[in-house]
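The values are calculated or read from the model by the stated rules, or taken from the named source; none is laboratory data. Given the structure is predicted, the values throughout are model-derived calculations rather than measurements. Reconstructed Cβ throughout: ideal geometry from the backbone, glycine too, with neighbour counts over all protein chains shown. Areas reflect the complete protein model, heavy atoms only, side chains present, ligands, DNA and RNA absent. Shrake-Rupley method; radii C 1.70, N 1.55, O 1.52, S 1.80 Å.
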Amino acid sequence: AADWVTHEGLLTRFRVGASAGWIDLARQQAVVSAASAARAPSALERTLVFILLQMLPRLGQGLLLHAAGLIWQGRGHVFFGASGAGKTTLAGLAPATAAVVSDENVILQLRADGPALLSTPFWGMSTPQERIQRSNRQAPLAALYALEHAPTFSLTRLPPAQAAVALLETEKVAAERASSADAWLQMAAAIIASAPVYRLA
């Protein structure tokens, strides 16, 4: 059957791939099922990612981003962009000089002493099993980088409005509900005001 997702207030019902269920953000409950035990971890992971994407901004605790996170010289660097922009490639090249937090999902948290990069256990489905190294790591956030393909290298700092649009282009699920979009944009604005965002070509 074709994939589908419906939203009624804070209740989401879905059938995506081999998993189905519901997520009730108001009651903070969810049920997910998978076609087989082998597919259960993937179904659970996708459900948890959706919950974090929706709830972290609502609770004022941060943002979950579809991005690659690296820690270099004790500072966090986050690389985001559309599928195929180079996040996984970058994460594959980075271990020579930096610690890879994840090539798929990271958390940005705004703290009293500034923004921080936090690891998640969620790695991409396309990441080779031997490269997945789940860890509990965090570091002060140095910068965010919007990746794009280009014939020449360039690094350009984005003004706040362009930075917010660049982030939102990779996080469309955050705008599925007006209340979620409002919370997401407020948290994104606070993080963008605290850390530089660059376009990395």
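Overview of results
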| quantity | calculated |
| --- | --- |
| Members of segment 180-190 that are open to solvent by less than 60 Å² (accessible area, probe 1.4 Å) and in contact (Cβ under 8 Å) with a residue 60 or more places away in the chain | S180, A183, W184, M187, A188, A190 |
| Residue list for segment 191-201, restricted to those being part of a helix (DSSP H, G or I) and either open to solvent by less than 30 Å² (accessible area, probe 1.4 Å) or farther than 22 Å from D113 by Cβ (or both) | I191, I192 |
| Subset of segment 62-84 that is crowded, with 20+ Cβ neighbours inside 10 Å and among the small types (G, A, S) - its residue that is nearest to Q162 (Cα to Cα) | G81 |
| Residue that is touching a residue at least 12 places away in the same chain (Cβ under 8 Å) and either open to solvent by 20 Å² or more (accessible area, probe 1.4 Å) or within 19 Å of S180 (Cβ to Cβ) (or both), where the choices are R27, R58 | R58 |
| Segment 32-41 - residue that is within 17 Å of D3 (Cα to Cα) and loosely packed, with under 15 Cβ neighbours inside 10 Å and, of those, modelled with the highest pLDDT | S33 |
| Test: residue in segment 93-107 that is closer than 19 Å to R199 by Cβ, charged (D, E, K, R) and open to solvent by less than 50 Å² (accessible area, probe 1.4 Å) | no |
